[in-house]
Each structure stands twice: as C-alpha cells, then as structure tokens.
Amino acid sequence: MIEVRNISKRLPDGRKVLDNISFSVGKGEFVGILGASGAGKTLTLRCLNGLLKPDSGAILMKDASGQVQDICKVSRIRLRKLRQKIGVIFQGYHLVKRLTALDNVLIGRLGQISTFRSLFYGFTDEEAEMASQALEQVKIPQLAGTRVNSLSGGEMQRVAIARAIFQSPNLLLADEPISNLDPSNAKVIMKLIRPLSEFMPVIGVFHQPEMTARYCTRVIAIKEGRIIYDGDPKLSQDQLIDIYGEELRQIENARP
C-alpha cells in the first residue's frame, strides 16, 4: 500500500499547485487520476515517485525489508532504493530506440545490480529468461530481438510495460500511458495494465474518463490542486462537467 497524507506544493511565485492531497491505494486497486490540464495530476504522480518533493505532508510506503518509509523525508540513498521498486510507464515510452525490445526490458533492472556487474558481466541467463517472460506477458514475445525504432507506438508501450513488470515493483505508476495511442491500442494497453493491480497498487494519470470508467477500480479527480472526488470510476455528466469545465467539450470531441 501507498499512503499520501496532506501533501502540498507551492511554486516560487507562491501559487499553491497541490493543496492537502490525501489518499491511499492498496494491492488490488487500479486508480485513475483525472482532472483538467494543469489541475495537479502529474505533479501528484511525480511526488509519489520522489521526483518532486512536496513542501509539506508525507508519502508512506514499505521498503524491501517491510519497513514503512516516508518518501518525503528519506535520504537520497534510501530514496534511490525505494524508487528501484516503483515501476513507471511513461506517455513517451522512454525506451532506447537503437536497442532491441529485450534489451530495453533488461534495462529496467540496471538500478538493482552493481555498477561492476552492469559494466563487465551484464545480465544473467536467468534474468534474460525473466525479461523474455515479461514480453510474453504483454503478448509480444516474437519482438524480443526487434529494434525498438521499428516498432509501432502500441508495441513500444507494451515493451515499456514489460520493462516495468521485469522490475518486480511494489508500486506501478502510469503517466498518461495511452495519450499517444489510437483507441484500439489504448484498450489493449489498459487491458494489460489492469491485471497488474492484483500484485501491486497501480496509479495512473489519464485524460480519458471513458477508459477509466471501463478499466479502473476507482477514480480520483483533482481540480486546482485539490481532490474533489474519490470513488466509483463511473462518473455522471454533471460530475465530469464539475471536474473538467470547458475542457470537457474538447475531450468529448476527441472520442472516436
């Protein structure tokens, strides 16, 4: 489980971009974070991964030994250890395109092996087999030896999911993982992400309320840096208007 307690963040000009955000997510939950552009969704996700430090509040999760740690207060070394067990799926894939799909999956564990081994010995046969199994889990084992620069967007996002699986994370974060995909590929990716919540909490930022309604177990809506909704993923039109305002028209026009 990850627990977020009253995190807040101000910009240098004094504007509050996160205002007492609190929620918890446990294993078995696939939580979608919704909100208009600039609402604070991605900032919240960056705090969960330790990439952004809130001005106040706490973010609690267990480390490898089972001890509860506050990401906001741990040392840089301990934060690096915690982040090794946080899988992240990005909107832009963040893959090394000149390498094969299998090599990109293996890169997911570079932070978990010693510098000496990464430089001189690389990955073991067992790790390569586990990486292959991760590609099989996302249904592209035949692309293991294919360079990423020749893959489609949907295939690249599958490689990114396999990389996250190979990390054996305790938490999975997805930052707009389907924004660059057509509706068909977006559904495929959501179907691949959802079952992962059986093994770890999954939290994603989305701009597609129809997708979160279909695949997420819960939705959190953020507006002007504050949580205004936390509950059933199936939202009414009035709720969507409250969350998105004028932006809702753009979202609905973008639907296939």
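If I build a Gaussian network model for the chain, linking alpha-carbon pairs within less than 10 angstrom, which residue out of VAL74, VAL105, VAL202 has the largest mean-square fluctuation?
Per the Cα network of the chain with a 10 Å cutoff, VAL74 tops the list.
Do the alpha carbons of any pairs in LYS97/LYS191; LYS16/LYS187; LYS9/LYS191; LYS41/LYS62 sit beyond 30 Å of each other, and which pairs?
Beyond 30 Å between Cα atoms: LYS16/LYS187; LYS9/LYS191.
Relative to the first principal axis of the alpha-carbon coordinates of the chain, what is the inclination of helix 125-137, with its axis defined by its Cα atoms, in degrees from 0 to 90 and to the nearest 10?
Helix 125-137 and the main axis of the chain meet at about 40 degrees.
Taking R0 as 35 Å, what's the FRET efficiency between SER236 and LEU60 from their Cβ-Cβ distance, rounded to 0.05?
Between SER236 and LEU60 the formula returns 0.60.
Using a Gaussian network model of the chain with C-alpha springs under 10 Å, which one of GLY145, GLY154, GLY87 is most mobile by mean-square fluctuation?
GLY145
May I ask you to compute the full-extension gain from ARG194 to ASP13, defined as 0.36 nm times their residue separation minus their alpha-carbon distance, rounded to one decimal in nm?
Length gained, ARG194 through ASP13: 61.3 nm.
Antiparallel DSSP bridges in the chain: what percent, to the nearest 5?
Given both bridge residues lie in the chain, the antiparallel proportion sits at roughly 55 percent.
How would MET211, MET1, MET156 line up from fewest to most surrounding beta-carbon atoms within 10 angstrom?
Ordered by Cβ neighbours within 10 Å, fewest first: MET1, MET211, MET156.
Suppose a student asked you for the relative contact order of the chain, using Cα pairs under 8 Å spaced at least 6 residues apart; what percent would you report?
Dividing the mean separation by the residue count of the chain yields 28 percent.
State, to one decimal in nm, how far the label point of LYS97 lies from the label point of LYS53, with both points 7 Å from Cα in the Cβ direction.
Taking the two extended label points, one gets 3.5 nm.
Highest GNM mean-square fluctuation, the chain, Cα pairs closer than 10 Å: which of ASP242, ASP13, ASP103?
It is ASP13.
Rule-based calculations on the coordinates, nothing more; no lab input. The model shown is predicted, which means the values in this text are computed figures rather than measured ones. Using ideal geometry, Cβ is built from the backbone for each residue, glycine included, and neighbour counts are taken over all protein chains shown.
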